[in-house]
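J.: Have a look at this one before I ask anything.
The values are calculated or read from the model by the stated rules, or taken from the named source; none is laboratory data. Every value quoted in this text rests on a predicted model; they were computed, and no experiment measured them. With ideal geometry, Cβ positions are generated from the backbone for all residues, glycine too; neighbour counts draw on all protein chains shown. For accessibility, only protein heavy atoms count, side chains too; no ligands or nucleic acids. Shrake-Rupley method; radii C 1.70, N 1.55, O 1.52, S 1.80 Å.
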Amino acid sequence: NFLKKDLPHVMPALDLAEEPVPLWWTTDFINSSPEGTKTEDEKWIVGEFNCSCVGISRCLAAYCKDDTPNACFDDISEEDKAEAKKYGDLMGEKAFGILSK
């Protein structure tokens, strides 16, 4: 399973071994196995990682890009932080519910 077997290898593969996995990443996985492959033998590849378009547009002020290379959490307005917290709390509740099953 991805969480136990593969996830520990993601950050080292990106040359970021000492960094935690970002909380708000999304990943597009592509099944590269031939049709009919047993589930436990399937091979999945990452098509892309998304860290700026995960539906939390209130946090875009903290998105580093060419013209704002030092953007950070403090660049988000208090109003936007409060709204983003609502999304984060909801995601946390959902994730906790899934993991508690």
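J.: On the accessible surface of the range 54-101, probed at 1.4 Å, how many percent belong to carbon and sulfur atoms? Provide the component values of the computation, followed by the final result.
T.: Working: 2190 of 3820 Å².
Within the range 54-101, the accessible surface is 57 percent carbon and sulfur.
J.: So, one more: Take the residue pairs Lys4/Lys65; Lys5/Lys101; Lys65/Lys85; Lys4/Lys101; Lys4/Lys38 and return only those whose Cα atoms are more than 25 Å apart. Intermediate values should be presented prior to the final figure.
T.: Values: Lys4/Lys65 32 Å; Lys5/Lys101 20 Å; Lys65/Lys85 23 Å; Lys4/Lys101 16 Å; Lys4/Lys38 19 Å.
Table pairs above 25 Å Cα-Cα are Lys4/Lys65.
J.: Taking amide H positions as placed 1.01 Å from N in the peptide plane, with prolines and chain starts having none, which residues 5 or more places from Trp44, or on another chain, fall under 5 Å of its amide H?
T.: Correct list: Ser32.
J.: Give the calculated FRET efficiency between Ser33 and Leu60 to the nearest 0.05, with a Förster radius of 35 Å applied to their Cβ-Cβ distance.
T.: 0.45
J.: Run the helix sum for the chain: -39,500 (n - 2.57) per DSSP H stretch of 4+ residues, divided by residue count, reported at 222 nm to the nearest 500 deg cm²/dmol. Let's see the in-between values first.
T.: Details: 2 runs with 29 residues, N = 101.
Taken over the chain, the calculation gives -9500 deg cm²/dmol.
J.: Relative contact order for the chain using alpha-carbon pairs under 8 Å, separation at least 6, rounded to a whole percent? The partial results should precede the final answer.
T.: Working: 76 pairs, mean separation 16.3, N = 101.
Dividing the mean separation by the residue count of the chain yields 16 percent.
J.: Separate question: What's the longest piece of the chain with no exposed GluC sites (Glu not before Pro), counting a site as exposed if DSSP puts it in a loop and it has at most 11 other beta carbons within 10 Å?
T.: On the way: sites that count: Glu18, Glu35, Glu42.
It runs 43-101.
J.: Right, here's the next one. Please work out the average accessible area per residue across the chain, using the 1.4 Å probe convention, and give it in Å². Could you put the intermediate results ahead of the total?
T.: Working: 8320 Å² over 101 residues.
Accessible area per residue: 82 Å².
J.: Next up: For a test of the definition: using alpha carbon positions, the gyration tensor, and the 1.5 limit on a/c, classify the range 46-101 as rounded, prolate or oblate. Numbers along the way, then the final one.
T.: On the way: a/c = 3.25, a/b = 1.47, b/c = 2.22.
The shape class here is oblate.
J.: Let me ask another. Can you give me the angle between helix 78-99 and the longest principal axis of the chain, using Cα atoms only, in degrees from 0 to 90, rounded to the nearest 10?
T.: For 78-99 against the chain, the angle is about 20 degrees.
J.: When we measure straight from the Cα of Lys43, which aspartates and glutamates land under 20 angstrom away, once same-chain ones fewer than 8 places off are left out?
T.: Cross-link targets: Asp6, Asp28, Glu35.
J.: Just flag the chymotrypsin sites (Phe, Trp or Tyr not before Pro) in the range 1-38 sitting in loop per DSSP whose Cβ has no more than 13 other Cβ atoms within 10 Å. Could the numbers behind the result be given before it?
T.: Details: sites: Phe2, Trp24, Trp25, Phe29; in loops: Trp24, Trp25.
Those that pass, being in a loop and sparsely packed, are Trp25.
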